[in-house]
Amino acid sequence: MPDAVDIKSRIEAAIPGAQAEVEDWTGGGDHFRATVVAPSFAGLSRIEQHRLVYRVFGEEIGGPIHALSLTTHSE
């Protein structure tokens, strides 16, 4: 089961230039909150930005990662 450090590392490795802050929102290890800033988000809608992040985790979303609340910015 991924933890906040693993989620942060995976986001930063998958999205060029990304900086992520991730916290275990409820303390149960399956609900997370993340803020992701990445230059590659420039010109993308918020939905497109979130899709890029969710794509990192694929089917883990709704499974081991029950919830991932996102805030995204390009800078």
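Within region 59-75, restricting attention to residues that are in contact with a strand residue (DSSP E or B) (Cβ under 7 Å, 6 or more places away or on another chain) and either more than 21 Å from D3 (Cβ to Cβ) or surrounded by 14 or more Cβ atoms within 10 Å (Cβ to Cβ) (or both), the residue that is modelled with the lowest pLDDT is E75.
No other residue among A13, A38, A4, A42 is touching a Ser or Thr at 6+ places or on another chain (Cβ under 6 Å) and among the small types (G, A, S) apart from A42.
Evaluate region 30-39: report whether one residue or more is assigned to a strand (DSSP E or B), surrounded by 12 or more Cβ atoms within 10 Å (Cβ to Cβ), at negative phi and among the aromatic types (F, W, Y). So far as region 30-39 goes, yes, one or more of its residues are assigned to a strand (DSSP E or B), surrounded by 12 or more Cβ atoms within 10 Å (Cβ to Cβ), at negative phi and among the aromatic types (F, W, Y).
Does V56 qualify as being modelled with pLDDT of 95 or more and in contact with a strand residue (DSSP E or B) (Cβ under 8 Å, 6 or more places away or on another chain)? So V56 does not fit the description; no.
Considering only residues in region 15-29 that are loosely packed, with under 14 Cβ neighbours inside 10 Å and not polar (S, T, N, Q), the one that is nearest to L52 (Cα to Cα) turns out to be P16. Contact annotation: residue pairs with Cβ atoms under 8 Å, 6 or more positions apart or on different chains, pairing a residue in region 10-21 that is free of Cβ contacts under 8 Å to residues at least 24 places away in the same chain with a partner that is buried (at least 17 other Cβ atoms within 10 Å of the Cβ) and part of a loop (DSSP other than H, G, I, E, B), are E12/A18; G17/A38; A18/A38; Q19/A38.
If I ask for residues that are among the polar types (S, T, N, Q), out of contact with any strand residue (DSSP E or B) (no Cβ under 6 Å at 6 or more places or on another chain) and closer than 16 Å to E12 by Cα, which ones from region 25-53 would you list? Of everything in region 25-53, just one residue is among the polar types (S, T, N, Q), out of contact with any strand residue (DSSP E or B) (no Cβ under 6 Å at 6 or more places or on another chain) and closer than 16 Å to E12 by Cα, namely S40. Does at least one position in region 40-49 carry a residue that is of a type in the set (S, T, N, Q), in a strand (DSSP E or B) and free of Cβ contacts under 8 Å to residues at least 60 places away in the same chain? No, region 40-49 contains no residue that is of a type in the set (S, T, N, Q), in a strand (DSSP E or B) and free of Cβ contacts under 8 Å to residues at least 60 places away in the same chain.
The values are calculated or read from the model by the stated rules, or taken from the named source; none is laboratory data. Everything numeric in this text was worked out from a predicted model, so none of it was measured. Here the Cβ is made from the backbone with ideal geometry for all residues, glycine too, and neighbour counts use every protein chain on show.
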